[in-house]
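In what follows, a structure is listed as structure tokens, so that the remarks can point back to it.
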Amino acid sequence: MDLVNIVYRYVNRFINSEELINHLETLDRNKFSKIENEEINKLIKEVREIIKNVPIKIDQVEIFLRLITY
């Protein structure tokens, strides 16, 4: 269910990559099988590669907007 919540939150809006990684890393891995854990690790690795290789301006704007609204 945790993964479903993550997908619902992030697929249906602009993805903040760092926040997505944080949520994936804090999942209770005991709830998942070995294969599912491997897939989660692959997903985290892929998102990190995207962050590294593609400038994500939307993330920066979103973070800025959050900062000024609080």
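The values are calculated or read from the model by the stated rules, or taken from the named source; none is laboratory data. What you see is a predicted model; the values in this text were computed from it and never measured. As a convention, Cβ positions derive from the backbone with ideal geometry for all residues, glycine included, and neighbour counts pool all protein chains shown. Heavy atoms of the whole protein, side chains included, go into the accessibility calculation; ligands, DNA and RNA do not. Shrake-Rupley method; radii C 1.70, N 1.55, O 1.52, S 1.80 Å.
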Q. Ile21 versus (1) in contact with an Asp or Glu (Cβ under 9 Å, 6 or more places away or on another chain); (2) open to solvent by less than 60 Å² (accessible area, probe 1.4 Å); (3) at pLDDT 80 or above; (4) not aromatic (Phe, Trp, Tyr): which is the lone unmet condition?
A. (1)
Q: Among the residues of the range 24-47, count how many are not in a helix (DSSP H, G or I) and not aliphatic (A, V, I, L, M).
A: 4
